[in-house]
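Data first, discussion second: the structure below is written as structure tokens.
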Amino acid sequence: MGALEAFVQAFDASDGHAAPQPAWRAQARRQAREALLRSGLPTRHTEDWKYTSLRALDAVDVAITAPTAPTAPLGLEALRDAGALLVGAGARLVFVDGTFDAALSRVNDLPPGVSLAPWGASPSHSCTGSGAVLDAAARGGAFDAINRMFARDGLVLDLADGACLDGPVVIITLQTRAGAAHVRHALRLGQGAAAQVIEQHIGLARAPAYLVTSVTRATLERGAKLAHVRLQEDSDAAIHVSQLHGAQGEDSHLDAQALVLGARLSRQELHIEHEGPGCSTALRGLSMLAGTQHGDVHVQIDHRQPRGTSRTHVRGVFDDAAHGVFTGRVNVHARAQKADAGMVNRNLLLSPQAEADTRPQLQIDADDVLCSHGAAVGPLDGEALFYLLSRGIAAQDARALLVQAFMAEAWPDIGWEPLHAHVQAQLAARWSLAPGLEGAAS
């Protein structure tokens, strides 16, 4: 039985035994099932999946989508041991195996005009509730459909016009067991609102093969500002597929960053639509993979209105037999005059067996635009390495410094010290920097 049949059978089996749910929600899930059957799963013959195979799905029992028996509750110590970002006094929502965990979460002291809550237990069908989360009209392909079929929980964040969050909202998705887990989030920022959202995906070290899908839909109204960060630190046995869909209104600004460290097979998708004039978008990504890890970053930006600006900067560092893939596409539609778009992907190969495939693409249907793209794949700079060695720096430290300098350009200061320290620690641990060298190259 193939993965597609496994998903459908798992859905059909669970649909009849699932807890009672509103009729509209059940209908949305069945519509997603039909959409998946129409599209099928992507293969290497699918253009956007040319370099990524889903054969690893055969090792995952996707029928396990919910706990089959009560398990002992996790504590904060277990989360901390798994590497969860627990610092800071702001809002924190924790989803364990796809289900909201109230005991591990913290939602309090929200400013006026800010609504933040999990949607799984809510029966409401409102424009900002789970009705929007499960919007069947939304695009996203086969994995969006899979996510809609199975997701039972997620976050709804709604900011009224002018509302601003002082600190970030941290969403921790933890996987503890085999099988599959799915979370789905909806963010709406009213006119002039501002927020920072950090999504962290982690797995317990002992977790066997599992699949995680995560879909976040963000709507930014006129003048809104959203900073979104995704940290993918799943276990090495995991398959991870995430999507961020951004719909931007006039003069809004979206700053999205993605750090890819974990998972056996991962894919990060960012789909951005400029729906109003004067939008600006900054997308940055950093993949650091080793062993036989495979990481795929897929970006699509649609400039549909005038005076839009977008900057995409994605870098990859691949060691051993790791394989990195980047596909970036900027579509400048006929109405998007004065668009200014730039896309760069650079990759560093630290081993003869490491591999990177990169495809930045531009589709321009407007006359008055400024657009560029570029890509590079290569080893460490031999002259720079020789220079550091000649100054008495040990070979391992010299190599690590050059790697960190390469990474720093794609991962600038993100303005929240606990996150900055967490990322720096992860990078230092990955490259075994000697004490005192952390951050020296940044």
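Between residue 206 and residue 429, full extension at 0.36 nm per residue minus the direct alpha carbon distance yields a gain of 78.3 nm. By accessible area, using a 1.4 Å probe on protein heavy atoms only, region 229-387 has 50% of its surface on carbon and sulfur. The average projected area of the chain, computed from the convex hull of its Cα atoms over all directions, is 21.1 nm².
About the centre of its Cα atoms, the chain shows a dipole size close to 480 debye [charges on the beta carbon of Lys, Arg (+1) and Asp, Glu (-1) only; nearest 20 debye]. Computed from phi, the 3J(HN,Hα) profile of region 259-265 under the Karplus parametrisation 6.51, -1.76, 1.60 (θ = phi - 60°) reads 10, 10, 10, x, 6, 6, 9 Hz, with x in place of Gly and Pro. Of interest is the spacing of the C-alpha centroids, which for region 251-303 and region 134-200 amounts to 15 Å. Each residue of region 341-347 was assigned a 3J(HN,Hα) from its phi angle through the Karplus expression (A = 6.51, B = -1.76, C = 1.60, θ = phi - 60°), giving 10, x, 9, 9, 10, 10, 9 Hz with x at Gly and Pro. With K and R counted +1 and D and E -1, the other residues having a Cβ less than 10 Å from that of residue 266 yield a net charge of 0. Take the Cα of residue 366, step 7 Å along the line toward its Cβ, and report every residue of region 321-356 whose backbone nitrogen sits under 16 Å from that point. Within reach of a label on residue 366: 330-343. A straight chain from residue 63 to residue 420 at 0.36 nm per residue would run longer than the Cα-Cα distance by 124.8 nm.
Close amide H partners of residue 358, meaning residues 5 or more places away or on another chain with modelled amide H under 5 Å apart, are 326. The residues of the chain have, on average, 40 Å² of accessible surface per residue, using a 1.4 Å probe with all protein chains present. Pick from 262, 392, 88: which residue has the top mean-square fluctuation in a GNM of the chain where Cα pairs under 10 Å get a spring? Highest fluctuation of the listed residues: 392. Taking 7 Å steps out from each Cα toward its Cβ at residue 102 and residue 23 produces label points 2.9 nm apart. The amide H of residue 84, built 1.01 Å from its N in the peptide plane, has no neighbour under 5 Å, considering only residues 5 or more places off or on other chains. Amide H contacts for residue 296 (H built 1.01 Å from N in the peptide plane; partners 5 or more residues away or on another chain; cut-off under 5 Å): 266, 267, 268, 325. Take the Cβ atoms of residue 178 and residue 409, set R0 to 30 Å, and the FRET efficiency comes out at 0.20.
Size descriptors for region 187-246: radius of gyration and Dmax over Cα atoms are 14.6, 45 Å.
The listed peptides 397-408, 212-223, ordered by packing as a protection proxy, come out as 212-223, 397-408 (highest mean of other Cβ atoms within 10 Å first).
In percent, rounded to a whole number, the relative contact order of the chain is 9, using alpha-carbon pairs under 8 Å and six or more apart. Helical runs assigned H by DSSP (4 residues or longer) give the chain a calculated mean residue ellipticity at 222 nm of -6000 deg cm²/dmol, each run adding -39500 (n - 2.57) before division by the residue total.
The values are calculated or read from the model by the stated rules, or taken from the named source; none is laboratory data. Keep in mind the model is a prediction, meaning the values are calculated, not measured. In this analysis, Cβ positions are derived from the backbone assuming ideal geometry, glycine residues included, and neighbour counts consider all displayed protein chains. Note: accessible area is taken over every heavy atom of the protein model, side chains too, but ligands, DNA and RNA are not part of it. Shrake-Rupley method; radii C 1.70, N 1.55, O 1.52, S 1.80 Å.
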